[in-house]
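Please treat every number below as a calculation from the coordinates, not as lab data. This one's a predicted model, so the numbers in the text were calculated from it and none came from an experiment. Ideal geometry is used to build each Cβ from the backbone, glycine not excepted, and the neighbour counts take in all protein chains shown.
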Amino acid sequence: MLSDAGITLVGFVPDGGLRELIGRLGADPAIDTVALTTEEEGIAMCVGAHLGGGRGAVLMQSSGVGNCINMVGMLGTCQVPALLLVTMRGQTGEANPWQVPMGQAAGETLEALGVDVRRASTSDAVPGEVARACEDAFGGGSNASGGGIAVLIDQAVIGVKSFDTGHGGPPDPGSAP
Amino acid sequence: MTAGIDRRATTAALLADRHDAGLLVVAGLGAPAWDITAAGDHPLNFPLWGAMGGAAMVGLGLALTRPDRRVLVVTGDGEQLMGLTALPTIGAAAPSNLAIAVLDNEHYGETGGQPTATGSGTDLAAVAAACGFPTTLRVREGDDVPAGVDACRAAQGPVLVVFKVADDVPDLVVPPRDGPLLVERFRAALGV
């Protein structure tokens, strides 16, 4: 779908919920993928893609929204279209309280910076929301920001991460948060 | 003032004959943005007025999107230190057409000259080399500027060259600050 929308460059910081998508994008010859060290890099990279005539997207977990705050301002200031796909943590059923503050604040934070925020709360809604966001961002359609459009994919779509160690104790050291 | 090479002369050398080479230029905020403008405002300049730490990654996005063009990022030590995480990302992405010129005066020149970590041992060229950049260089003397310029303009990328410049603050020569204007004139000049 992202290559159908003409997206040429995708940066990502992995999330469990994005694993399959990242794998598929890596196999798509129409799209360059870049493994980012931190999410704000992806925002700047989208600006470069737009300058060169490409279309950029960034995939991240909701905690990554907090890592991009200042850089996201550039999308509005420079009116650069970009797609942000955010898989949510910290919602209903979250088993890791450390994920809650940024997860709860991610949407409002992006809105405060002028990003047009949409939400997909069921798996059936995801393809339509992402397709509309691409069309609106890059196709001259309805884009409240004139810059970035984010689609927040509810934790309910991805599923809640389990920390069940099978012995009632904390997660094994080294397991990803 | 700390001794060092001249930032404006270095920038002018980096951008000489840029038109024939089709060079695309991104500048980090502050002095590097004024430096590239002092060398001659150009539609294929994208000077940042904010987004500190983002210049190298704007350059990566541009380099991957336009592999037919050489992309030069001109930035400062403070800006690149803030965007340090871009170096492993760029090292892994390995764009052969991207060069980063760091005008390293070891200070935050825009805010009163406070020291940066490059004056206390951090070597950005060594960091880039450790991140897999095939071409890295430190230029400390004026006589070595041409070698640094050649690396930025033609060597196998990604390239990072640190130019140890004096910490003087030359006259402000400011580019347009209207973001959409900077974006649209750049795209128009590229024909996209």
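Quick look at the numbers
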| quantity | calculated |
| --- | --- |
| Calculated FRET value between B:Ala166 and A:Ala95, using beta carbons and R₀ = 51 Å, to 0.05 | 0.40 |
| Mean projection area, nm², convex hull over Cα of the range B:46-120 | 5.0 nm² |
| Potential lengthening between B:Val173 and B:Ala3 on full extension [0.36 nm per residue; Cα-Cα distance subtracted] | 58.9 nm |
| Dipole magnitude of the range A:83-129 about its Cα centre (Cβ charges: Lys, Arg +1; Asp, Glu -1), debye to nearest 20 | 100 debye |
| Charge sum, other residues only, whose C-beta stays under 13 Å from B:Ala86's C-beta, Lys/Arg counted +1 and Asp/Glu -1 | -4 |
| Theoretical ellipticity at 222 nm over chain B - DSSP helices of four or more residues, -39500 (n - 2.57) apiece, nearest 500 | -10500 deg cm²/dmol |
| Gain on full stretching of the segment that runs from B:Ser96 to B:Glu184 - 0.36 nm per residue minus C-alpha separation | 29.1 nm |
| Local electrostatic count, B:Ser120, Cβ distance below 15 Å [Lys/Arg +1, Asp/Glu -1] | -4 |
| Antiparallel bridges, percent of DSSP beta bridges restricted to the protein assembly as shown (to nearest 5) | 5 percent |
| Overall Cα dimensions of chain B - principal axes, largest extent first, Å | 43, 36, 30 |
| Dmax and Rg, reported as Rg then Dmax, of the protein assembly as shown (C-alpha, Å) | 21.0, 68 |
| Column: log10 I(q)/I(0), Debye, Cα scatterers of the range A:1-64, q = 0.12 Å⁻¹ | -0.26 |
| Cβ-based net charge around A:Arg119, under 10 Å, with every Lys or Arg adding one and every Asp or Glu removing one | -1 |
| Length added when fully stretched, A:Asn70-A:Ile22, from 0.36 nm per residue minus Cα-Cα | 14.8 nm |
| Net charge dipole size for the protein assembly as shown [Lys, Arg +1 and Asp, Glu -1 on Cβ; Debye, nearest 20] | 460 debye |
| Size of electric dipole in the range A:9-158: Cβ of Lys, Arg +1 and of Asp, Glu -1, about Cα centre, debye, nearest 20 | 60 debye |
| Spin-label model distance (nm) - B:Ala16 vs A:Ser121, 7 Å beyond Cα toward Cβ | 6.4 nm |
| P(r) of chain A over all Cα-Cα pairs, binned every 5 Å from zero, in whole percent | 1, 9, 18, 22, 21, 14, 7, 4, 2, 1, 0 |
| Loop-located GluC sites (Glu not before Pro) in the range B:105-165 whose Cβ has at most 15 other Cβ within 10 Å (DSSP) | B:Glu141 |
